[in-house]
Amino acid sequence: MEQREEIMDTVLVVGGRTTGLMMACELARRGVPTRCIDKSPGIDPHVRANLLHSRTLEIFQGLGLDEKATLGSVPEKGLVFYRNGERIGEKPHAPIDSPFPFGMSQSQAHTEATLEAHLKSFDVEVERSVSLTAIEQDEDGVSVTLQHEAMREETRRYQWLIACDGAHSAVRHLIGTAFPGDTDDIPYILGDVMVAGDDNLEPDKGHVFFHARGELFMFTRLPGSRHFIVANLDAGACTEGAPTLDELQSIVTERARSSLRLSDPQWLGYFRINYRLAPHYRADRVFLAGDAAHVHSLLSGQGMNTGIQDAHNLAWKLALVAQQKARVQLLDSYEVERRKVADDVIQSTRKITDTMESYANLSQRERDRLISHLFTPDPARLDAARHLQEVDLDYSTSPLSLALDDTFQGGPTPGARAPDAAELVVDGETTSLFKLPADEQYRLFFFGGDSNEAPAADIRNAADCSMSFASWLKPYIVTKETGHDSFGAHAVIRDRQGNMHRKYAASGPCIYLIRPDGYVAYRSSELTSVDKYFENFGMIRE
């Protein structure tokens, strides 16, 4: 019997929606041979998610995709609340400290098209109408069976497989990973429609209508003056088949305003909210990401964004391991960091959803109290905005966060997002930290301090020493000085206004080690101490 030759490719990404596209892009950008398949024939034009949060936009900016991703979009600056069709108040979102102070309304189809075009720039195309039907893995790799159109089967072997194939993940089922949780009793009706008849619906805000029969949400206007409408139905309502425009129109007329007229439905559907979280994100050489790992309420629009950030977290780690620049233990941090985030999203969106759904069953006094609690004071609004926009994620408990130095007075701590800083000069051009090209490595920033206390030679020598980890990191020297060239061939960031020094509390000489996904890994006032970080995790020297 002729023995089939096994071909070992590097990574198979199963799923070509936002999470899978982001995963494939980040792996391909780092030079990892990557294949991406999707069972659908193309990008779904129907709106499944319509909001890009600030942290996602920051990531896109580092990849040079922010302008393309936000083309035609509008900022989401707050929520307007109504009771029985009458406006009762507004809850503006506090602008956060980011190049993107507000989230941006954008259709998922446009986001996917942007990412797919980016993936093609690396000569990788999504293979459509391809389904995964079998998985068998051992300590060396993963063997899969793929089914193409016309029932053609293909067998292939990969080093790693990443499931980005949604809530009904075939990969998750095939590897036998549970998906515990529950389903909300209350069904929803959704629609992507044109809305006419009321010019008072501000395009840069979401609109929430409270009514004794239930709530109706008109999310921030989509490009092309379309609206994404969501309304809850009675528990036990029939949701077989597809809803009609007349059904959605009657709900809008009853709960919002009779003057609002719906037309041109691009998509109408029923939906039930599930709250589910995989107990583990990894089974040997198979990983789960996005909706394949976690699902929750669509309120607050965090599903797509969380999936994109899952991919951004895992891809750089897997690339370093696949290229034998790091030990496989690095991959353990993925579940530690991202499962905690998903659990928080599930809990927070459930609380919001349960609160909204309770309105119809409350007394008038209880309804008044619920509505009054929606209008939070300014300090709380900023905290809420930072959490909603996902810039306050904290990986401080991650094994990749090392806190040895408590002498800093302020600045981002290990595990926190590294903040942006503007008015920096790099290679003669004025730029900001987030606009520096996305790097494949850790970045190590050497600060001279407010008065450039550390001699240039000391900083240069420390940067030279860090090059023993050149496969892992790229050093940058951050200085307020404008003229001298005593730093050798190292990249120099001239912080003339001191913005970066202030953001990082670099009043004296210090270093900050930033992970490839933009989070602080380590900081110290000892310029030559970065080896403590890498040796602590057994990372590979040159």
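Along the Cα-to-C-beta direction of Lys91, a point sits 7 Å from the Cα; which residues of region 283-305 have their amide N less than 19 Å from that point? In region 283-305, the label zone of Lys91 (backbone N under 19 Å from the point 7 Å along Cα→Cβ) covers 297-303. Along the axis of the charge dipole computed for the chain (Cβ charges of +1 for Lys and Arg, -1 for Asp and Glu, origin at the Cα centre), the listed residues Ile308, Thr407, Ala289 are led at the positive end by Thr407.
Shape verdict for region 124-179, please, from the Cα gyration tensor: rounded (a/c under 1.5), prolate (a/b greater than b/c) or oblate.
On the way: a/c = 1.60, a/b = 1.19, b/c = 1.35.
Judged from the Cα gyration tensor, region 124-179 comes out oblate (a/c at least 1.5, b/c at or above a/b).
Assuming charge only on the beta carbon of Lys and Arg (+1) and of Asp and Glu (-1), the dipole of region 363-519 about its Cα centre is about 400 debye to the nearest 20. Computed in the context of the full set of protein chains, the accessible area of the chain at 1.4 Å probe radius has 48% of its extent on carbon or sulfur.
Spin-label model, Ala242 to Phe271: label points 7 Å out along the Cα-to-beta-carbon direction sit 1.7 nm apart. The residue among Ala422, Leu433, Leu320 whose Cα reaches farthest toward the positive pole of the charge dipole of the chain, with charges on the beta-carbon of Lys, Arg, Asp and Glu, is Ala422. For the chain, a simple Cβ point-charge model (Lys and Arg +1, Asp and Glu -1, everything else neutral) yields a dipole of about 700 debye relative to the Cα centre. Surface exposure of region 125-248, expressed per residue as accessible area with a 1.4 Å probe, stands at 43 Å². Placing pseudo-labels 7 Å out from each Cα toward the beta carbon at Glu125 and Thr355 gives an inter-label distance of 4.8 nm. For region 460-475, backbone nitrogen atoms closer than 14 Å to the point 7 Å from Leu404 Cα along Cα-to-C-beta are found at 466. Measuring between alpha carbons in the structure, the pairs from Lys91/Lys205; Lys340/Lys532; Lys68/Lys340; Lys68/Lys205; Lys77/Lys340; Lys325/Lys474 lying more than 19 angstrom apart are Lys340/Lys532; Lys68/Lys340; Lys68/Lys205; Lys77/Lys340. Taking amide H positions as modeled 1.01 Å from N, with prolines and chain starts lacking one, the residues under 5 Å from Arg83 and 5 or more places away or on another chain are Ile88, Phe210. Counting only protein chain heavy atoms and rolling a 1.4 Å probe, the accessible areas of His501, His110 rank, largest first, as His110, His501.
Candidate membrane-span-like segments in the chain, meaning DSSP H helices with Cα atoms spread over at least 27 Å of their own axis and a Kyte-Doolittle mean of -1.0 or above, are 303-322, with no membrane implied.
In this structure region 297-428 gives 44 Å² per residue of accessible area when probed at 1.4 Å with all protein chains present. Rounded if a/c is under 1.5, else prolate if a/b is larger than b/c, else oblate: which is the chain, with a ≥ b ≥ c the root eigenvalues of its Cα gyration tensor? Oblate, since a/c reaches 1.5 and b/c is not below a/b. Heavy-atom accessible area for His173, with the other protein chains in place and a 1.4 Å probe, reaches approximately 130 Å².
Run the helix sum for the chain: -39,500 (n - 2.57) per DSSP H stretch of 4+ residues, divided by residue count, reported at 222 nm to the nearest 500 deg cm²/dmol.
Working: 13 runs with 143 residues, N = 542.
It comes out at -8000 deg cm²/dmol, rounded to the nearest 500.
Under the rule a/c < 1.5 gives rounded, and otherwise a/b versus b/c splits prolate from oblate, where does region 285-375 land using the Cα gyration tensor? Prolate shape, in that a/c is at least 1.5 and a/b is the bigger ratio. Taking all protein chains together and a 1.4 Å probe, the residues Glu440, Glu139 rank Glu139, Glu440 from largest to smallest accessible area.
The values are calculated or read from the model by the stated rules, or taken from the named source; none is laboratory data. Remember, predicted model here, so these are calculated numbers, not experimental data. We place every Cβ from the backbone using ideal geometry, glycine too, and count neighbours over all the protein chains shown. Keep in mind that these areas ignore ligands, DNA and RNA; they rest on the heavy atoms of the full protein, side chains included. Shrake-Rupley method; radii C 1.70, N 1.55, O 1.52, S 1.80 Å.
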